[in-house]
Structures are given as C-alpha cells and as structure tokens.
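Below is one structure; the comments refer to it alone.
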Amino acid sequence: MAKSISLIRKMAGGGATAASALLCVMFVIYALHEPSALSLFGIGNVLNNTVVLALAAMGLTLVVLCGELDLSGPGVIAIANVVVATTSTGTLGTGGSLAAVLAIGAAVGCVNGFLVAYLKLQSLAVSLGTLIACQGIALLVLPAPGGEVSDAIVNTLSGDFFGIPAPAIVLALVGGLWLLLKHSRMGIWLYAVGTDEQASRLSGVNVRATKLFAFVVSGMCYAMAGYVYCAEIGSGDPRISDSFLLFMYAAVAIGGTSLNGGRGGVIGTLAGAGILTILQKMLFALGVADFYTNIFNGIIMILAIFFGQLSALLAGAQRLRKA
Amino acid sequence: MRMHEPPIPAGHAAVSKTPAARRALIGPELLPALMVFAATMVLVVGMKIANHSFGSFDQLTAIMVTAIFLVVASFGQGLIILLGGIDLSLGVVIGIGGMMIAGLTRGSDDALLLAIPATLLCCAGIGLVNGIGVALAKLPPFIITLSSGITFSGVALGLTAGSSQQSVAPALQKFMNSSFLGIPCPILFIILFVLAAWLFQNRTAEGRKLYAIGSSPGAARILGLPIAALTIAVYTIGGLCAGITGILLAGYSSSATLNMGDALLMPSIAAVVIGGARVTGGSGIYLGTFAGALFLSTLSTVITTLSLSQGFRDLVQGGIILIALVLQSGRLIVGSR
Amino acid sequence: MKDRRQPVLDFNSVSKRYGATVALDDVSFELHAGEVCGCLGENGAGKSTLVKILSGIVVPDAGEIHIAGQPFRPRGIVDARAHGVSTAFQELSLVPTLSVAANMFLPRPKLNRLGLVPRRQIEQEAEQILQAHDVTDISPAALVEDLPLGMRQRIEIVRALWRRPAVLLLDEATAALSDREWLFGLVDRMLQANTSILYISHKLDEIRRLCRRCVILRNGRKVLEDEVAEMSDEAIFSSMAGRSMVETSTRQSSSARPGATPVLEASHLKGPGIEDIGFSLAPGEILGVAGLEGHGQSRLFKALVGLSPLEQGTIAIEGVPTMIRSPRHARRLGLVLVPEERKSEGLFNDLSTQANISLPVINEASPLHFLNWAAERRLVEKVTPTVNLAERYLPLSISALSGGNQQKAILARALLAEPRCLFLFDPTRGVDVGAKQNIYAMMRGFVREGGAILFYSTELDELVHLCDRCLVLYRNTIAGELGPEGLSQDRILALASGYAGGARAIASSGGA
C-alpha cells in the first residue's frame, strides 16, 4: 500500500506539475487574446520578461527548500545592476563585470549563510539587515539612476542563438543545473535539512554547510538576475523594488515549494515565474491602468501564495502517521 | 515508551545558580536597553569631540524632537514583533496618514478636529486588515504585510494621482514647533507616549499575554489565550501608531508625500531588534525599543551632520541590525553543543 | 569470570552538565567484544545524554572515552561512525520526505559517474540490505513519511547495524516494534560478528533476555553494575528509583464515587487518529489511559479539549451534552489539559515561574488591567503548596528550573483554574523522583476534593498504583478496560500489544 501512494504522489509531481499545467492554460488564454504570442518573437518576448524573475526566484527556492527565508534578493540585484552599469563599458568589460557580480552575490550569500547557519540567527532578520546594507551599497556605487550597460550585454541577452532566444537558453541551462543539483548529494541534503533539521543532523548531514551552500548559490542567482536585468533596462538603477520581492515569493509559492521547506523545487518556480509574467502581460493587454496594477499585484500575490501553499500542503497531505 | 532528554534550561546566561530575588520580566532584558542608551551617549560625545559645534542644547533638543517619529512608529512595530510577526506596510501607512491629514485639512484648522480621528481610523483600519490576514490566513506575516503595503499604496496612488500635498493644518505645524513651559511640545508628547507605551507593554495583563503568545504560541493555544483577538488588536495598534506618526510628520514637514514614511520602515524594525527583542517574539522590554529608536534617530542626525549620503545611512543601518543580532545571540548561546 | 581482554569501549569518568542541571556525573563502564550490556534508568537518569555523547553529537565536559584503545573524541555522527560507533536513536533519525533507500545511505549515498545519486541503484542495494536483515515488507522506494511507526523503527535499526559497527547503541529500540523476536535475532547475529551492543531500555524483560551485564543510571550517576542474573527485580527497581517502588506507591483508598453523575462521559468518539472511544469518568476518580506510542492517546487528549477535530461521538459534562469547540471553551467548562510536550506546549520560557503559573487568571490580579504583583503572588501562592513548589522559584525565569519543578509549575497553573477535570498527559516524564511523589500527592488530593483525572502514563507502575481503573488503547480504540481487581502491569501490557484476553507470559514487569 505504501508503494501505490508513493506512485500516485510521484505522478502528481507535487506542486510543480500543477504549476506547469496552469502555465500552459494561461499561455493559451493569453495567446487567444494576443495571437502574436505564439510566434517565436512572442515567446521570446515572454521569456525575456520572465527570465529576471525566474533567476531570482530560483535562488530563493534553494533557501526556502532548506527551511530558511531570504529577503536580500532585490538588494543583490540592485548592486549587480549598478556595478554592471558602472563598469561594463569601462574597467571590467562584459565578462569581468559578470565575474564581479557573481562574486558579490556569493559574498552576500556568505554573510547571510554564515550568520544563519553558523551563528544560528533568524534568517528573516539577517536577510533584512543585508537587504538594507545592500541598498546602501548600491546607492554608494551609483547614487542616482544612470550609468551605462555595455552594448555587448544588451545585444547578447536580448538576441538569439540559432533562432533560440537567449533567455530560453539561460533558463534551459538553469533548469539543467537544477536537475543535476536535485539528484546530487547536496540536493538530498537540502531537502533533508528543510524537512527535519534534527533528523538530518542525527543522520550525519552537515546542516550548517548545506544552508551555507543554499545561501551562497542563491546569492549568485540573484546576481545573475541582476546581470540579466541590466540588459533589460540598459542602465543602472540603485533602487530596490518591494513588489519584486513579493513576486519572487509568489513565484516560489505558486510553483509548489512549501514556505516551510522540504518540498517543491526549481522547476515549479520557473513555471510560477512564467505564470506571473503572463498575468502581468494579460493585465497590460487588457488595458488595466498603471496604478491599478499595484493593487492587483498586492492582492494577486497574496492569493497566489495562499493557493501555492495549499497545493504544497496537499502534495504532502497523504500521511499514514497514526495519532 | 518515549524517554525524554534531560531537562535543558537553555536560558539566559545571566541566570546564576543562587536564586536572587528578581522581578518578573526585568533583569537580563534591561541590559541591552542600557547598553544602547550608553551607545547613544558615546555617539553624541564622540560627535562633540569631532565637531565642537555639534551638541549644543538646541541641537540635542532638535534630535529628541525628530526622534518622535521613530519612537511612535517603533512601538507599534515592537508589539507586532513581540507577538512573533512583522509589519512591512508601516511605511506606506505613515505616508497614507500624512496624505490624509494634509488632504483633509488643506491648510486650515477648521476640519482638524474631525480630520485627526478620520485619519487615525483609516490607518488603524489598514492595521486591522493586516491583523485579520495574519490571524486567519496562516501565511507568514511578512508576506501579508508586504502585499497589503503594496496594495494600499496602489490604492492611495490611484486616489491622489501621486501628487503631494503642500498644505497642512497650521495648528499641527505649530504643535510641532512650539514649546510649553520651555519644553518643546513634541518632547512632552514623547514623554507621555513613552509612559503609556511602557505601561501597556510591560505593566498590563494584555501585555503579559502578548509576551506569552510570542514566547510559545502552542502553549498559549492550549491555555486558551485569545490569540486571534490579540493578534488583530496588535496589528491595529501598529496601524494606529503609523497614523499618528504620519500626522506628526506632516505637521513637522508642513507637507506630505505618499512615500514620506518609507524611510521609517527599516529603522522601526531596527530599533526593536537593537533594543534586545528577539525577532521570533516573546522577549524584549519597551525601554529597549525606546533606546533603539533614540539611538537610530541620533545616528541619523549624525550622518546628516557629517553630510554622508543616503547610501551610507542604509549601509550603517543594515550593519547595525546585523551587529545587534550577533550580539543578541552571543548572550543566548550558553554552553557548547 | 572477568574478561581480561582490552575492552572495545572504555567509558571513563565522563561528566556533562547543562547549566544548573547535571546530566552525567562521573560515569564509567566498559564494553567488551561480542557482548550485550544493558543500560537501565528512569526518565532523566542520563541515558540519552550518554547516547548523545557516544554518538558524537554532544561533547562531554570531563572524562575520556577509548574505542579499542584509541581515544574517541568524535566531532559528529559521521566521525563517530568512522570510529565504529553506530546508533539507532529513540527519536528516530529518519528524514520523512526522503525514501527508505535515501535514508539508508545518508549522509553520503554512493554516486554514479556523473556525480549524481543513482536512484534505482541505491534502491536495489537498500532492498538487498533489508532482505539480508529479514525485512521483506518494506519497499525501498517508499517515502518514510508514508510508513507506520513500526516500519520506521525497523529501518532505523537496520540502518544502524548494516555497516557492522564495532559498537552498536540501541536506544529503546523496541518501543514501536510489533515483533521483538526479529530484533533479538539480529542481536544474536551481531554478537556472533563480535559487535558490542549497549542496549538502552527500561523494559526489564528484554534486558534479562538479551544482556549478561547491565548498568543502572540514576540522576546522572552509575548506581549499579552487575551481572543481570545476579540482580533481583526488587534490587533493580530500587536502584533505578532510589527507593522501593512498592513503598512509594501503596494503594490508598479510592476517592471514586461511581454512583454520582459522571463528570465526563464520552461515547463513540471518532476522528483523525481516534476510532470509537468511549468512557465514563466519575467524580473522585483517577482513570488511567495506557497504550504504546501512537495508538490514539495523544489525539484523544487533544480532542477532549477541542484541539483535534471529532467527526462523530458525544461528550457529556455532568450529564449535559456538549460540543467542545476550543481549549478556551474547554477551560470555561472546567476541563484543563496538561500537555505532552512541556517545552513547546506548556512553558513560556521567557516568563518567570510566577508569570507562568498566573497566566490563565492574570486578569483577576490586574485591577483596571494593570498588573499587581502582590495580588498575583497571593494568587499563585494559593496553589504552590499543593504541588510543593518552593516559593523561592517564583521570581526566577522558568527555564532555570529543573524538569520536575517546571512540571509542578504547569500543574499549579492547571489547578488555579479550579477545574472539575484534569487531563494529564504523561505528567511525570523527565521528572525526578521527588517531584514525582509531589505530583502523585497532588493528584490524590485533587480527586479527594471531588475532581476527576484522566491520566495517561508511560510508566505502568503509575497506572497500576494510582488509578482506580485503566483504559488500554490499541490501534486508536479501546482494547480493554481494567478495573481495580484486574489492574496489573501484565494485563495492561498484553492489551496494549494487541493480545485480547489472556496476558502474555512475561517474566517480569517493564514499561509498555
């Protein structure tokens, strides 16, 4: 009997399958309204708008999976953005600035990870502190919007390779890396630590190193998201966006990852990011006025997260635990 | 049958073996408050040494006056954090409060008597929405308040079309700038407010229940404490405090913009954390929050005096939160594994 | 005949304290190859600290440990395993959302050429390992959270011993097992492979069956070490408890008044984790509840105060049918629960002891909502004598108190509400012997005044000596009810293990 329940659960795939299904449905609805969406250009356009959120939410997924919270994403993105805007055309160039922001992201992740995993501080408070500090650093680097992103970056990331849009390649790469991680030892440790830290420790898992890993990699994901963001806006903007933070959590939650940790995955998050992007585009296409989008964002995020949590709960609901 | 681990009193390091007769709730929690007061002194004295023109009586008074906003805002935030939650919509509600009072009074005193209650009601109402959301939805408070902040800022944006209000009731402006018996009115307000806040948080039965709920929600539930009611009440108080802050801020600046409260959100959280409260709730006395608010206001003035940029201010604030957290944990970790 | 070879495990003068509490005090013993040594002790005697130290989770404050002559100072579980020490934990160390196979090879499952964990391959290997240890009904692909407790325990045990450790620690390994012979068979096999086993249990019959020697801990000290055959039950009990069990628990005359209207009457209760439970609680009665872990008792107690939903059934309080909606409601009706988990469900660690006790009635000590410490103190001092809680503890933070005093504070709090019925869930767990006596006295006093107690305990002795009657739960329903004449540890154990009717022949007493 235990076998068949596991089988059903595998088929249901947890929240990720539901999210992917929802994504397809929404894309169809969107395409019915905007036929151009079905073209290569249209899909590329959607991917373009999705990729920043997808990358950032992917990083967040890793941290949430191991049972912690992270608010510092938008801060790292801001730093990455302004660093690229100020150095990509000059001192560091395209490749150099990429390396620099990845290093910065890893560094912020290190700070978060060390304080949370080794000093056992609350991740909400710590990441709030690093968020504010990152905002400060971003403002110090570039006090006002400006700077310039090198053409190479803009063109590469907005263009395509052999007909495939660059964002698609980035997302595919990212998805592939996740699948490798999921089936590696570290992947197992992430899920274990998020589910039951005590049992993991008793089983010999290095809980602290696992959490540190999650924070460092997520920092690098945020940095990557910031790098790609540069291509989108072409210049630097040191201000962080509250809405974006909420979007990140919504993408994670819709994708079926439980905010308590231990369940879910990046594939679901990618679908969640896609759903949110298409939702935005649908609102725009319906002519919803700009200031209403804020309201919609706020309410829809809450609903999205609520239902996302519900689906993660249902995925883990079949339990044979007795009293 | 399950055996249990030996009793592990992983309490404060300050608890000694010989039981000294200490009163409930005070003692180890007074320490961070005193340390922060000391830090504030150090800051002022340091600035005085570095810059002789700093630290005149007028300037110190001015620092106290500007502290009023953070003092009021951080009390509400402090109660919410005490319960184990957080309010990320505080900045938005402050802005809404300011805009409302300005918009309702439009530069004259006629409507002031009605405008103040109306504004407070509205801001408390947003707090109520937050509270109901947290009490019922079982979602993390940071998500609920983050999205309510975004939603209500959208609503406010739509209603005001983003414009700022230039005219605030003169009586308000006078209040913020005048003195009574030689003491600036805002400082009198602070004294009364701090007294009321301290009494509520640390000397009432409801305050005691808040500490209990924050300390162990599971035990509170089994005891039948009115968790949902207190949660809603606390977030409503948070909204109310934000409204008061908005009104005071509008009076002080003689104008109001929607985002004028944004700069107070992070400091309100920082003040509570620096004051020794745990973010998970259940600990920290009001004196600590007050000390934290005072310290951060002083720091802000120092940074402005030194002509340092906003970026530097954020960096320092973020760093201080992290340092405060590290220091807190250092006190809590007693033995080895 | 003393074994003169070098011992496999030499545990020498090890001490460990947590703040003001001494967990282990200068404990020494030895383990030789191919032998099983028992470790007995009450709750809080130091057994689990011992296990943690040997497993590498906790670092001792003093003392030395040697394995096969080499110093043993492990930095963690993996390090301990590398030195040949392996543990099957009482609080199972399996990760629920992972598969059996993944858990089996934690933390370092083997990798394929790509550096990934080959799922099918490790499942096959896990299958082989399970088969080799006579486990044929568990699929390696199953997720641990889908398996019942008994299967999980078996996995925990197999996981601990399949790598043939030099020293094996079995901590309450039979708590959830339905077939103990399986474990005994494995133990025999391990012995033939020259493994040393430390068998921690409080079930005397198992110790007698498996162990030649045994060590008894009490309050962190080793109080007895001898050949098992040389020790009588009486000697063992008095070493464990510090005084003769018979003397401490003489049956007093019952205060029960079965003719009066029942304080509480439940019938056909059904809900998650509860299948058709009904009982009647008379005033002055202590009704015991017995059962192996996970057989419905936790849910039952929670349901009686409205913490767990009930799908069917009725509850009548003093004859009046009532629906208990919430713990708050239950309290108003005079039903108070003293919960299972002190740490997470009973204590407010940041508050003082006095504040902990006064909390439910704090409004009475607060004129105009302002706290009045003197009034609060007077309120609290009405009940502290009943549980024999010294007044000097009241101003202290409750986290500074010992487990026994903490439990007394929680009981004092329950009494302040002047309930008509107390639901006590394993109240003496982790409590020292002196505090236990205070608690028993409080219970007897409470029912003498006309109250009623529903009392779940994992100590069969308590059930036999304190209760007027005892319900035995098995598989979430009542397997039987034992009246004053038929109330014996054997009968309780038999019913709790699913043997309806005659008791199993068990050599001596022991926990359920």
Length gained when the stretch C:Arg444-C:Arg119 is fully extended (0.36 nm per residue, less Cα-Cα span): 111.2 nm
Cα-projected label distance for C:Trp182 with A:Ile29, points at 7 Å along beta-carbon direction, nm: 5.0 nm
B:Lys48, A:Lys211, A:Lys120, B:Lys209 arranged by Cβ crowding within 10 Å, fewest neighbours leading: A:Lys120, B:Lys48, B:Lys209, A:Lys211
The stretch C:1-101 pair-distance distribution - Cα-Cα, 5 Å bins, rounded %: 3, 11, 20, 24, 20, 12, 7, 4, 1, 0
The stretch A:262-276 versus the stretch B:159-193: alpha-carbon centroid distance in Å: 48 Å
Ranked C:Arg113, C:Arg342, B:Arg203, criterion: other C-beta atoms within 10 Å, fewest first: C:Arg113, B:Arg203, C:Arg342
Hz values of 3J(HN,Hα) by residue in the stretch C:394-408 - Karplus curve (6.51, -1.76, 1.60), Gly and Pro given as x: 4, x, 6, 4, 5, 6, 8, 8, 6, x, x, 5, 4, 5, 4
For C:Val215, distant residues with modelled amide H under 5 Å away: C:Gly38, C:Cys39, C:Leu40
Proximal charge balance of A:Ala209 [Cβ under 15 Å; K/R count +1, D/E count -1]: +4
FRET efficiency, C:Arg163 to A:Ala103 (Cβ-Cβ, R0 35 Å, nearest 0.05): 0.30
Inter-label distance for A:Phe41 and A:Asn260, nm, one decimal - labels placed 7 Å from Cα along Cα-to-Cβ: 4.9 nm
Net charge, C:Ala88 excluded, C-beta distance under 13 Å - Lys, Arg +1, Asp, Glu -1: +1
Length gained when the stretch B:Ser164-B:Ile187 is fully extended (0.36 nm per residue, less Cα-Cα span): 5.5 nm
Cα gyration tensor, chain B - rounded (a/c under 1.5), prolate or oblate: oblate
Residue list for the stretch B:182-208, given a label point 7 angstrom along the Cα-to-Cβ vector of B:Thr304 and an amide N cut-off under 20 Å: B:184-191
Net dipole in debye of the stretch A:165-323 [+1 Lys, Arg Cβ; -1 Asp, Glu Cβ; about Cα centre; nearest 20]: 800 debye
Shielding by partners, peptide C:70-78 (average Cβ within 10 angstrom, other chains): 2
Reachable aspartates and glutamates, given that their alpha-carbon falls under 16 Å from the alpha-carbon of B:Lys209 and they are not under 8 places away in the same chain: C:Glu345, C:Asp350, C:Glu364, C:Glu376
0 to 90° range, to nearest 10: angle between helix B:205-215 axis and chain B longest Cα axis: 60 degrees
C-alpha long axis of helix C:149-161 to longest principal axis of chain C, angle in °: 30 degrees
Mean Kyte hydropathy of 0.5 or more with a Cα span along the axis of at least 27 Å, helices from DSSP in chain A: A:14-33, A:40-65, A:93-113, A:207-233, A:266-285, A:290-315
Chain C - mean residue ellipticity at 222 nm from DSSP helices (-39,500 (n - 2.57) per run, n ≥ 4, rounded to 500): -9000 deg cm²/dmol
Additional length obtainable on full extension of the chain from C:Glu64 to C:Arg257, 0.36 nm per residue less Cα span: 63.7 nm
Lys pairs, chain C - Cα-Cα below 17 angstrom, 8 or more residues apart or on other chains: 11
Simple Cβ-charge dipole of chain B, Lys/Arg +1 and Asp/Glu -1, about Cα centre, in debye nearest 20: 1020 debye
Cα point-scatterer Debye curve for the stretch C:278-373, base-10 log of I(q)/I(0) at q = 0.10 Å⁻¹: -0.38
Residue order, fewest to most beta carbons within 10 Å, for A:Trp189, C:Trp162: C:Trp162, A:Trp189
Efficiency of FRET between C:Met323 and C:Asp276 - r from beta-carbon atoms, R0 22 angstrom, step 0.05: 0.75
Positive minus negative residues near C:Ala132 (Lys, Arg vs Asp, Glu; Cβ under 14 Å): +2
Separation in nanometres of the label points that stand 7 Å from Cα toward Cβ, at B:Leu113 and B:Lys138: 5.0 nm
Crossing angle, helix B:112-137 versus chain B [Cα axis fit, 0-90 degrees, rounded to tens]: 30 degrees
Phi-based couplings in Hz for the stretch C:475-492 (Karplus 6.51, -1.76, 1.60; Gly and Pro marked x): 6, 6, 9, 7, 7, x, 10, 10, x, x, 6, x, 7, 9, 5, 4, 5, 4
Rg and Dmax [Cα atoms of the protein assembly as shown; Å; Rg one decimal, Dmax integer]: 32.1, 103
For the stretch C:83-93, 3J(HN,Hα) per residue [Karplus equation, 6.51 cos²θ - 1.76 cosθ + 1.60, θ = phi - 60°, Hz, x = Gly/Pro]: 8, x, 9, 10, 10, 9, 7, 5, 7, 3, 9
Anisotropy class of the stretch A:46-240 from Cα gyration tensor, a/c 1.5 cut: oblate
Residues of the stretch B:83-107 with amide N under 18 Å of the 7 Å Cα→Cβ point at B:Ala263: B:90-99
Debye, to nearest 20: dipole size of the stretch C:277-349, +1 on Lys, Arg Cβ, -1 on Asp, Glu Cβ: 320 debye
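None of the figures in this text is laboratory data; all of them are computed from the coordinates on show. These numbers come from a predicted model, not from an experiment. Glycine also receives a Cβ, built like all others from the backbone with ideal geometry; neighbour counts cover every protein chain displayed.
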